[in-house]
Amino acid sequence: MSLNLKPDMNAQRTIGILSETKSPPDSRVVLPPSLCREAMRRHPSLKVFVQSSQSRCFGDDEYREEGVEVVDDVSFCDVLLGVKEVAIEQLVDDKIYFFFSHTIKAQPYNRILLQTILAKKIELIDYECLRSKDGPRVIAFGRWAGIVGAYNGLLALAMRLSLGKLPAMHECFDLAEALEALRSIDFSSVRLVVTGTGRVSRGAEEIVKAAGFEKVSPSSFVSSEQKGQYVMLPTESLFTHDEHGFQTSFYNDPSGYRSTLLPYLQSANLLINGIYWDNRAPSFFTKEEAHTLLKSTRLTTIADITCDIAPEASIPLTIRPSIIGDAVYGVDPQSLAELRPYSSNGLDIMAVDNLPNELPRDASMDFGKMFIEHVLDTMMTNDYSSHEMIKQATIAQAGKLTPAYQYLTEYVND
């Protein structure tokens, strides 16, 4: 639900759409050409500029055809919109940035990024933290991460079990072409588990259903070994506390809980992990348990859409992110040594960390529509930074961490 705020039509705003700088390059964009035009139509006082890019999924000429000005430098704009982290050397002092910063879990690899943002007195607003009054995120690529991640998982499983060869998702013109290919493979001998019930997992479920699987309840999945079935496991089916079972207090403090995923994996070929994982919660299994699963059950493949990197991860075998075009690697569950994919003595891990980039045009259109519906009106008000949704998503401002992110103080001071 959007905030339904009346925009200040006297406010002057310039938005710059950044060329993505992270390597490997990401071809997604916050606002595709038609949505830039729509944003300016809705807000006549808004001007959108697009930084020229050779890697974006929409070409410069597509923007020009919609009447959007394409320039080499957008640093003059009030607000700069990117998708992935902006290269440190390209950050502009005293600007307002929107992008996925991957800092809110104190990720070590982005410590210098956040330190630089503070030093340059940049106002950083993270899409991941934009939430409605009721709590759910208002904007995300999650559905597309789920769609592509589940497809990649089934592709890897089909290779492992010699069920057939699927084209990589990024080789398909669009989702329709990928679905047509998926339906050509017979998965009736397979069982799979999907963790989570949110946007990512629902996207994964679209693919699982298209592949012909039948959904069953958690209790039915455990009590039966009928093939061609899948189960979606909510958080309460994944964790328990020995003293009081599962309680909603888990979401505030998951310490003292243990995983209950193993019984579901005993008869599954594929695990699709799409749930948000708090690093205070236990991993879903140990590497010793993974070794037992490999040797004594039919589990061979894990599509880890969540892609938290071990050792602080729900999947302790996700030892690194993989990349588009080389999405799967094998892992020896005992030593955690990397193996060639589809090795008989390893579990196959799919852990691409920018999955929506395999269908960038579809994913960008969805994301842009959400941005216009839920965020743009707020941005067009003079006092936008005082609105609760923006305040809660603002990590840094005027050289300081905002109150909601003071817990990152030690992280940036190291």
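The residue that is surrounded by the most Cβ atoms within 10 Å (Cβ to Cβ), counting only those in the range 147-196 that are among the hydroxyl-bearing types (S, T, Y) and closer than 16 Å to F213 by Cβ, is Y151.
Conditions tested, residue by residue: (1) polar (S, T, N, Q); (2) over 30 Å from L271 (Cα atoms); (3) without any contact (Cβ under 8 Å) to a residue 60 or more places away in the chain.
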{"site": "I324", "(1), (2), (3)": "no, no, no"}
{"site": "D332", "(1), (2), (3)": "no, no, yes"}
{"site": "L336", "(1), (2), (3)": "no, no, yes"}
{"site": "M365", "(1), (2), (3)": "no, no, no"}
{"site": "G368", "(1), (2), (3)": "no, yes, no"}
{"site": "H374", "(1), (2), (3)": "no, yes, no"}
{"site": "T381", "(1), (2), (3)": "yes, yes, no"}
{"site": "S385", "(1), (2), (3)": "yes, yes, no"}
{"site": "A393", "(1), (2), (3)": "no, yes, no"}
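Consider the range 262-284 and keep the residues that are among the polar types (S, T, N, Q) and farther than 15 Å from T306 by Cα. The one that is surrounded by the most Cβ atoms within 10 Å (Cβ to Cβ) is N269.
Against the conditions (1) at pLDDT below 95; (2) farther than 17 Å from Y127 by Cα, D377 satisfies every one except (2).
If the condition is being closer than 16 Å to M159 by Cα and part of a loop (DSSP other than H, G, I, E, B), then the range 317-350 contributes G325, A327, R340, P341, Y342, S343, S344, N345, G346. Just a yes or no: is a residue in the range 57-75 more than 26 Å from the chain's Cα centre (by Cα), under 23 Å from P403 (Cα atoms) and in a loop (DSSP other than H, G, I, E, B)? So far as the range 57-75 goes, no, none of its residues is more than 26 Å from the chain's Cα centre (by Cα), under 23 Å from P403 (Cα atoms) and in a loop (DSSP other than H, G, I, E, B). You will find that of R28, R13, the residue that is over 24 Å from T381 (Cβ atoms) and buried (at least 20 other Cβ atoms within 10 Å of the Cβ) is R28 and no other.
Taken over the range 398-414, residues that are in a helix (DSSP H, G or I), under 23 Å from R131 (Cα atoms) and among the aliphatic types (A, V, I, L, M) amount to 2. Screening the candidates A313, A396, A404 for the property of being surrounded by fewer than 18 Cβ atoms within 10 Å (Cβ to Cβ) and not charged (D, E, K, R) yields one hit, A404. Pairs meeting the criteria (first residue in the range 48-77 and more than 21 Å from A363 (Cβ to Cβ), second residue assigned to a helix (DSSP H, G or I) and of a type in the set (K, R), beta carbons under 9 Å, at least 6 apart or on different chains) are G67/R37; V70/R64. Is there a residue in the range 243-266 that is closer than 21 Å to T318 by Cα and within 21 Å of the chain's Cα centre (by Cα)? No: zero hits.
Whether a residue is in a loop (DSSP other than H, G, I, E, B), under 18 Å from the mean Cα position of the chain (by Cα) and aliphatic (A, V, I, L, M) was assessed, and A363 does not pass this test. Here G153 fits the description: more than 14 Å from the chain's Cα centre (by Cα), assigned to a helix (DSSP H, G or I) and outside the structural domain of M365 (by TED's automatic domain parsing).
The values are calculated or read from the model by the stated rules, or taken from the named source; none is laboratory data. As the structure is a computational prediction, the values presented were derived from the model and not from experiment. No Cβ is skipped: glycine too gets one built from the backbone with ideal geometry, and neighbour counts run over all protein chains shown.
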